[in-house]
Amino acid sequence: MSPCNDLILSCDEIQDTKLLSLVSSVLLAQGNKGEVAAVGQRVVQVLERRLPEGQSARFLLPVLANVISLSPESLTEEQTNVVSKKLADWLRYASLQQGMAQPSGGFFSSPRTKQPAPITEVDGAVATDFFTVLSVAQHYTQDQWLNVQTFSMLRNWLLCYGGKELDTFNPGATAGGDRCVTAVVPAPATSGQLLPPREHLRDKAFEYCQRLAEQSTRRPLKKDDGDLQKACLIEAVKIVDIICKQDSSYMCRAVSFLKVLHSRICGDATYARALLPIAQFFLNYNKLAAVDSDAICKHLFTDIPAQLFHNPSLAFEFVQFCKDNSQLFTDSSSIFRQSFPNLFKFLAWNSPPLISEFVDLLPFLLDPGTTIEIFHLLLDLPCLTAALDIQLRAAALPASEKAGADPAGKPATCLEAFHHPLYKSMFQYLLRSRSAPEDAPDSLVPLRQLLGSLAGSPRVVQCAETVPVLLELFFRVVAEFADGSLINQLVVLLLQRSDQLYEIPAFKEDVYRVLGSNLAMLCGLRPALVVELSTEILEFSGAVSNIQSKEAIFTHMAWAIGEFLSVSHDKRCTVEQITRFFETLEAVLFEITQLRPQASTPSCAPRAISVLMATLTKLAARSQDLIPRVSMFLSKMRTFVQSPAVTSVYCEEDLEEILIRATELMNLLKMPSVAQFVFTPPVASTRFQREVNDSLPLALRMVTQLLEPAPGSMPV
């Protein structure tokens, strides 16, 4: 902002390129659309003219790049043509000689000047082709710097102005034809035909990218040059993709050199990031390019995540690549879904940055064939993080130490266990690269126990924190396509896996909460499962330890029993089954409310006690021979809540809520026909019955008011 109203910056009369760059930076930072347009106009005007001696366009290209990012519409077609021509010249005709070092001016400086040396390639060879950003020199000329700057802004320029007055290329428009055999290749420059500025820039840009592809496979003398090679190659492939979208006549040439390029670099893990834009190109033009994109994707999904899951930038770009193509993959290829164990390695190692991407990706990985495996994998995700940590450390060990463990003895550390016969198959399954339900070991419990020493690792803890979010999404997606058989499988596994979680207390508590709420949801989708899975449900519900350690799951399971164990939901439901469930839950409630001399009362959440009382009442309403038993039990709740052992565990509000609920339920059972109506609505229920069922506490209070008009009148 200007320090005072009288001071107004303007670029209209500035001739010096460096000063124009400095003033323009301030004007662009102000964000005024009019000022952005004025800066763009002035920069192009200066670039149009021949610059005075000592002036350089180097200072203006960054400004121009900012202008087109902020307001691409600020340049006219005539102006974009002028700039396109200059960009093409800077790309293609930079000097092949190195720049001269500036003399220091010291007393011992030599007045003699050396002949400029030729530029070289990254491998040290003398360059025989035109200059690019990958050309090497000790000192660079002005036009070489302009070449580098032009390449840095080329992709954005082509996106903004390269496709005007051209029909956007549609890959599907010519599908099924002669692929790219009939494509018209632009006439070469030697034909004497002058191309319009945009087409001329596009042609020079394509040549430049081909040259970069050739340079990028040379062995660099310096490591930094190797990193630059790969970054430039990625940018070049993206530019080629844009060019082919704007002009399909470049397709054949692009496919040809990208095929060769892919074959050269696909076996080199250091080029993994560059493989993604190449794969994207072949996916975009799969039918026209006559390329087996499935084979390319298979290599990507099989090798790269397994080897480079610990590379954070690659992890983000890979997952983003999957996200961008998720619909295409699910519609046309099974490789994507089958590779989910590999993809989850990225999340296991890079949990916080990638959670939002996996929230978008997970629905595309789920189908009836992958649901069970993904459920197990989500619950074992922190364990996978620990296993990946061991894998990396084991790979760094000397060969002598890898073979040092005694196969007959028990491994003393996780590192020893990695290659030990007792654990090797379990590690291999957890670290598998593809879906393999048939290879699942009988149990991963020994491995979870072994990796327990890493439960406090910050990376493992961070991963564990992402699991509840993904579990919620998992159940939400599965609910849309799961049939009865799959729902039954999930419920059985849910109950089993509640005993088999990685030992992180906060993680287990969060997972129990999610599993509990979604257990109720699954039962609501398929009420008959309470009867069909009665053996498994009774086994889980009959364990007092479950109500104490897994209160969220137990409470929702008890609620589902009371809600859905009814002939109105399943004709196979019998009085004997209702009685068996009643007796099981009655024993649990008795155990947690029984007052024994010189014994502590088992502590469980008041909500669990209230749900158990309600469930027993519901079951008694459907088998009325049980009403006296539950009524007698409910009548003893006042003694329970007034016991010193109980009052020391629960707060007064909780105890009052338990007593009120017991009283309301007991009053309802005094009218068995009303209780049966409230607790067992027919399947084709009326709106009133649905509302009563959804607002059970209200219904209970209404009955209590009918039976006890005098306030304070409460049975003992």
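Listed values, structure above:
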quantity: Accessible surface of Phe590 - all protein chains present, 1.4 Å probe, nearest 10 Å²; calculated: 100
quantity: As computed over region 359-400, the Cα convex hull volume per residue (Å³); calculated: 105
quantity: Qualifying aspartates and glutamates (Cα of each under 17 Å from Cα of Lys550; at least 8 residues distant if same chain); calculated: Asp499, Glu503, Glu509, Asp510, Glu536, Glu539, Glu591
quantity: For region 417-572, convex hull of alpha carbons as volume per residue, Å³; calculated: 134
quantity: Set Lys245/Lys323; Lys86/Lys287; Lys204/Lys259; Lys222/Lys245; Lys204/Lys230 screened for pairs whose C-alpha atoms are more than 24 Å apart; calculated: Lys86/Lys287; Lys222/Lys245
quantity: Peptides 81-91, 295-305 ordered by average Cβ neighbours within 10 Å, highest first; calculated: 81-91, 295-305
quantity: Between 0 and 90°, nearest 10: helix 223-246 axis offset from the chain longest Cα axis; calculated: 90
quantity: In nm, spacing of pseudo-spin labels at Ser673 and Gln142 (7 Å Cα→C-beta vector); calculated: 10.4
quantity: Stretch gain in nm, segment His310-Glu73, where the contour uses 0.36 nm per residue and the Cα spacing is subtracted; calculated: 81.1 nm
quantity: Residues Leu9 and Glu48, FRET efficiency given R0 of 22 Å [Cβ-Cβ distance, rounded to 0.05]; calculated: 0.45
quantity: Distance-filtered residues of region 371-386 - backbone nitrogen under 20 Å, label point 7 angstrom along Glu503 Cα→Cβ; calculated: 379-386
quantity: Degrees separating the helix 652-669 axis from the principal Cα axis of the chain, which is the longest one; calculated: 60
quantity: Among [x] 50.5; [y] 36.8; [z] 33.3, the entry derived from the coordinates for mean projected area of the Cα convex hull in nm²; calculated: [x]
quantity: Computed E for Asp227/Ser356 - FRET, C-beta separation, R0 25 angstrom, nearest 0.05; calculated: 0.35
quantity: Rh (Kirkwood; distinct C-alpha pairs) - region 242-342, Å; calculated: 14.1
quantity: Between helix 17-29 and the chain: long-axis angle, C-alpha atoms, 0 to 90°, nearest 10; calculated: 20
quantity: Extended-chain gain in nm, criterion 0.36 nm per residue less alpha-carbon gap, Val445 and Thr535; calculated: 30.1 nm
quantity: Total charge dipole magnitude, the chain, about the Cα centre, Cβ charges on Lys, Arg, Asp, Glu only, Debye to nearest 20; calculated: 860
quantity: Lysines whose Cα lies under 24 Å from that of Lys571, excluding same-chain neighbours fewer than 8 positions away; calculated: Lys618
quantity: Rg to Rh, two decimals, where region 56-103 supplies the alpha carbon set and Rh follows Kirkwood; calculated: 1.10
quantity: Residue-span extension gain [Glu465 to Ala29] - 0.36 nm each, minus C-alpha spacing; calculated: 153.0 nm
quantity: Virtual spin-label span in nm between Gln496 and Ser2, 7 Å along Cα→Cβ; calculated: 7.6
quantity: Virtual spin-label span in nm between Leu195 and Arg264, 7 Å along Cα→Cβ; calculated: 2.2
quantity: Accessible-area value, Glu653, 1.4 Å probe, nucleic acids and ligands omitted, Å²; calculated: 120
quantity: Those aspartates and glutamates that a straight Cα-Cα span of less than 18 Å connects to Lys410, excepting residues fewer than 8 apart in one chain; calculated: Glu401
quantity: Computed log₁₀ I(q)/I(0) - Debye formula, equal Cα scatterers, no solvent, region 402-497, q 0.24 Å⁻¹; calculated: -1.34
quantity: The chain: calculated mean residue ellipticity at 222 nm from DSSP helix runs of at least 4, using -39500 (n - 2.57); calculated: -19500 deg cm²/dmol
quantity: Theoretical FRET efficiency, 1/(1+(r/R0)^6), r = Cβ-Cβ of Val544 and Arg580, R0 22 Å, to 0.05; calculated: 0.80
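The values are calculated or read from the model by the stated rules, or taken from the named source; none is laboratory data. Worth saying up front: this structure is predicted, and the values here are computed from it rather than measured. So basically every Cβ, Gly included, is an ideal-geometry build from the backbone, and we count neighbours across all protein chains shown. Note: areas computed on protein heavy atoms with side chains; ligands, DNA, RNA excluded. Shrake-Rupley method; radii C 1.70, N 1.55, O 1.52, S 1.80 Å.
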